[in-house]
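The values are calculated or read from the model by the stated rules, or taken from the named source; none is laboratory data. This structure is a prediction, so every number in the text was calculated from the model and none was measured. As a convention, Cβ positions derive from the backbone with ideal geometry for all residues, glycine included, and neighbour counts pool all protein chains shown.
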Amino acid sequence: MFLRPSRMVMALACALALAACQNKPPVQKLPEISFADKRPFNLDVGQLEIVPEYVSPAKRPNVEHLMPVSPENATVRWAQDRLRPVGRSGYARVVIKDARVVEVPLKTDKSFTGMFKEEQAERYDGSLDVAIQILDERHLPVADVVARATRTKTVPEGVSLNERDRVLYEITESLIRDIDTQMDGLIRSYLNRWAQ
């Protein structure tokens, strides 16, 4: 008779312990990367095409597929916000040639004294390579510009998932803001015949 309540108490304690182990940290809400606040380039072309040439291997050391906002997705948003086809014929093609972020493990002190140090454990190397091509109505290229950006950031040992996501988000944001700044000058200088 006394065994049944103690089994129930034990089962309840086990269930509560398991539930406590399964609690995940709250997922942080990162701001949207947008260029809607900037004046778009009105291009004298009929259509805008976005071509992602870079194909992620979707496995480590590449981590772009795990990022809260990948460089590729940020580039697509940039193109949609900043480039407007307003002409009757021809094409503007945005080619994403490279959009990788690679995780590089760093050497840390594994000795006893290393337990008392906070060292940088991983480095993330990001690169973004974007071209804008102007094509005629037959899809033949008549002009192009290319912008390239790189970024590197490190994270310490024991970094939380939310902190790591923040670092990866900042890499993407820095890369695409660099591309935007470069493209602003390149379009004005070399594609001004098509840009208004």
*Is it true that some residue in segment 37-44 is modelled with pLDDT of 95 or more and touching a Phe, Trp or Tyr at 6+ places or on another chain (Cβ under 7 Å)?*
yes
_So Arg138, is it under 15 Å from Ala74 (Cα atoms) and free of Cβ contacts under 8 Å to residues at least 60 places away in the same chain_ = no
*Please enumerate the residues belonging to segment 122-176 that are modelled with pLDDT under 95, part of a strand (DSSP E or B) and aliphatic (A, V, I, L, M).*
Val155
*asked:* From the list Val102, Val69, exactly one residue is under 18 Å from Thr172 (Cβ atoms), hydrophobic (A, V, I, L, M, F, W, C), at pLDDT 95 or above and outside any strand (DSSP E or B). Which is it?
replied: Val69
_Quick test of your reading of the structure: Ser160 fulfils all but one of (1) farther than 16 Å from Val130 by Cα; (2) surrounded by fewer than 16 Cβ atoms within 10 Å (Cβ to Cβ); (3) of a type in the set (Gly, Ala, Ser); (4) more than 22 Å from the chain's Cα centre (by Cα). Name the failing condition by number._
(4)
*asked:* Within segment 41-51, take every residue that is surrounded by fewer than 16 Cβ atoms within 10 Å (Cβ to Cβ) and within 20 Å of Arg177 (Cα to Cα) and give me the one that is farthest from the chain's Cα centre (by Cα).
replied: Asn42
*If only one of Ala92, Ala58 is surrounded by 20 or more Cβ atoms within 10 Å (Cβ to Cβ) and either out of contact with any strand residue (DSSP E or B) (no Cβ under 8 Å at 6 or more places or on another chain) or in contact (Cβ under 8 Å) with a residue 40 or more places away in the chain (or both), which one is it?*
Ala92
